[in-house]
1. Which residues, counting only those in segment 1-17, are open to solvent by 40 Å² or more (accessible area, probe 1.4 Å) and closer than 26 Å to ILE221 by Cβ?
2. Evaluate segment 403-420: report whether one residue or more is open to solvent by 30 Å² or more (accessible area, probe 1.4 Å), in a helix (DSSP H, G or I) and either under 29 Å from GLY70 (Cα atoms) or in contact with a helix residue (DSSP H, G or I) (Cβ under 7 Å, 6 or more places away or on another chain) (or both).
3. Taking PRO484 as meeting all but one of (1) surrounded by 15 or more Cβ atoms within 10 Å (Cβ to Cβ); (2) of a type outside the set (Phe, Trp, Tyr); (3) within 29 Å of ARG640 (Cβ to Cβ); (4) in contact with a Leu (Cβ under 9 Å, 6 or more places away or on another chain), write down the number of the exception.
4. Would you pick out the residues in segment 423-452 that are out of contact with any Phe, Trp or Tyr (no Cβ under 8 Å at 6 or more places or on another chain), assigned to a loop (DSSP other than H, G, I, E, B) and open to solvent by 30 Å² or more (accessible area, probe 1.4 Å)?
5. Which residues, counting only those in segment 536-551, are more than 20 Å from LYS132 (Cβ to Cβ) and of a type in the set (Val, Ile, Thr)?
6. In this structure, is GLY164 surrounded by fewer than 24 Cβ atoms within 10 Å (Cβ to Cβ) and either of a type in the set (D, E, K, R) or within 20 Å of ARG106 (Cβ to Cβ) (or both)?
7. Kindly indicate the residue of segment 71-121 that is farther than 26 Å from GLY51 by Cβ and acidic (Asp, Glu) and also least open to solvent (accessible area, probe 1.4 Å) among those meeting that condition.
8. Would you kindly identify the strands (runs of 3 or more DSSP E) lying entirely within segment 1-57 that contain at least 3 residues that are modelled with pLDDT of 95 or more, within 22 Å of the chain's Cα centre (by Cα) and under 28 Å from THR373 (Cα atoms)?
Amino acid sequence: MKYAPLFEPIRVGNLTLKNRFVMAPMSTHMAHDGLVTSEEVAYYARRAEGGAAMLIVGSVCIRPDGDFGGQIYIDNDDRIEGLRRLTDAIHQSDCLAMAQIHHSGRETNISTCGYQPVSPSYFEPEIYSVFKAEYDPPRVLTTKETEDYVEYYAQAVRRAKESGFDAVELHCAHGYLICAFMSPLTNKRTDKYGGSFPARMRFVTEIMQRCRELVGDDFPITCRIVGDEMREGGIDMPMSVEISKYLENLGVAAISVSADMYPFVRTVPNMYHKRGINLYLADNVKEAVNIPVMAAGQLNRPDVQLDVIQKGKADIVCIGRPLLADPDYPNKLKEGRIDDITYCIACNKGCHDRTAGERYVKCTMNVRTGRETKDRYRIERAKGQKRVLIAGGGPGGMEAARVLTLRGHKVALYEKEGELGGRLRLAAVPPYKKGYGEAFEQMLRNIRKLNIEVHTGTPVTAKLLGEQRPDVLIVATGSTPIVPAIPGIERSFVVTADDVLAGRVQVGQRVVILGGGSVGAETAHYIMETWPCRVDLVEMRDGIGIDMPQDARICLLKHFDTIFNLHQHISTTVCEIKDHAVVVEKDGNRMELSDIDTVVLAAGAKGNVSLLEEARGIVSEVYVVGDAEHPDDLVKAIRRGFETALAI
């Protein structure tokens, strides 16, 4: 088998991992008051069933003052019972369990954890790109308090062992508390815990020594480190090697290599990054130590993973988001069922969007993720077959068609355009957005595998409904661009972002885009990469791309900083479109953008539900899903298609 090297066993301390796949630590935000919930147990149990050798339970917090939100606590012995339920569930599937022992240090805030953050030294909350760090100014730990935190960590490791965990990982990365002591950027202390390299390593040294007193020499303790903090004066690649060698000499069983610090753009790479972007950092450490090295960071395709092992860049592949998209990823790969794998697209919308209102774990490509205990999300055969006509072949309609077919209904999927995909195909057009194209291809593959009846180039009308007489109609007709009431909006050189992204129009040399949300901003990027022109991006809010996930927005704005002919106008309204000119106003002052060849509208969208009136009296059971119901993001469009299919 081509991928056989990924399924060779490996030793980590006294443990034998059955293959090279380890679930990377991720925060699920499922815990309540630090307690393990039944939802979290089911979530991990489902991933254990899928064939990974070991799951790392992410960010198990040693004290409430280190909580960045929704974490499991391991701060007292009362937590052991709940944690034991978790490890028992993981072990039922011949899978090992590791606890990542964590304290946020300065990277939390009073409103989240109820305490002022703590740090080895004062470190002003950063301004990164246009974002101010989400943590409050920290309180500096005294020498005595630092000694107390050594004990907190060690007792947490003891509790982890007593809870049935097979190993622990000390979180020594991303600016969190242990890392903050290691880094010369964040440790300016003059006592025994600061100054020289050995002094900065004293905190983790004492933690390891005390852990050994409590759990013995045989219990595997690993560390996650940062291969590069990517900040001037912080931990860099040579220093990460020095740290790794030091930790190896301390008796660490393995080292996991990650990258970056707040706001974690490279820690959880998104579509703007190439696959395996952080692999060189693991390779850098791998060359210097003789213990297993774990690599992480968008290692989300089989060939990339195989390359890691075959070329010796790392010993273990940590996959987090791929197991959100498909918990059975390892088993499917081992069995050669590659076409059955649902792949992570690195959108970060469900799992890592720090701007999302709901932080509990979810996945764009897998609605069941985070809902493992909810019976209403189980796909079960319907009691009776119904003939369902779906109007609209975008993501909501395609997901509804898939689930309905699995439940035994007879489905006919109609799309007025020449191919399926809807706005999902347009979303894949801007630079670095090919992940949305991959999502479309995966959804299309499912439609074809299930042999679902598809009619493209066929709009659904009252006449067609009368001829087909379906039992159920699902309106998934998407959205239409909002055309704001601006004088001159009807002029011939005014087009929509959809027109541009679909290739229906070409822009001129001077372009004004009305609307700087995600659609307008990404359309601007596409235009600047496609045509030699000047673009003025006008947004009434106080920032560009405000509705984007934070990490993707940071990447986009970084690209914008390098584009000479892109001009951003925030907190600016459009007053009028004149003859090849646009009048805008900011702070009460008007200005005219002149010699404009093309005006592009990106002012939002509204649901297209015109079919509802036509269907009245023809079909009695009607549902609306996706953007037709409410224009929103891909996560919600797919979820509503899934939920509606289960309701029929």
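The values are calculated or read from the model by the stated rules, or taken from the named source; none is laboratory data. All values derive from a computational prediction rather than experimental measurement. Glycine gets a Cβ as well: all are built from the backbone with ideal geometry, and neighbour counts include every protein chain shown. SASA here: full protein model, heavy atoms, side chains in, ligands and nucleic acids out. Shrake-Rupley method; radii C 1.70, N 1.55, O 1.52, S 1.80 Å.
1. GLU8, PRO9, ARG11, GLY13, ASN14, THR16, listed by residue number.
2. Among the residues of segment 403-420, not one is open to solvent by 30 Å² or more (accessible area, probe 1.4 Å), in a helix (DSSP H, G or I) and either under 29 Å from GLY70 (Cα atoms) or in contact with a helix residue (DSSP H, G or I) (Cβ under 7 Å, 6 or more places away or on another chain) (or both), which makes the answer no.
3. For PRO484, the failing item is (1).
4. Those that are out of contact with any Phe, Trp or Tyr (no Cβ under 8 Å at 6 or more places or on another chain), assigned to a loop (DSSP other than H, G, I, E, B) and open to solvent by 30 Å² or more (accessible area, probe 1.4 Å): LEU450, ASN451.
5. Within segment 536-551, VAL538 is the sole residue that qualifies.
6. It is false that GLY164 is surrounded by fewer than 24 Cβ atoms within 10 Å (Cβ to Cβ) and either of a type in the set (D, E, K, R) or within 20 Å of ARG106 (Cβ to Cβ) (or both).
7. GLU107
8. So the answer is 21-23.
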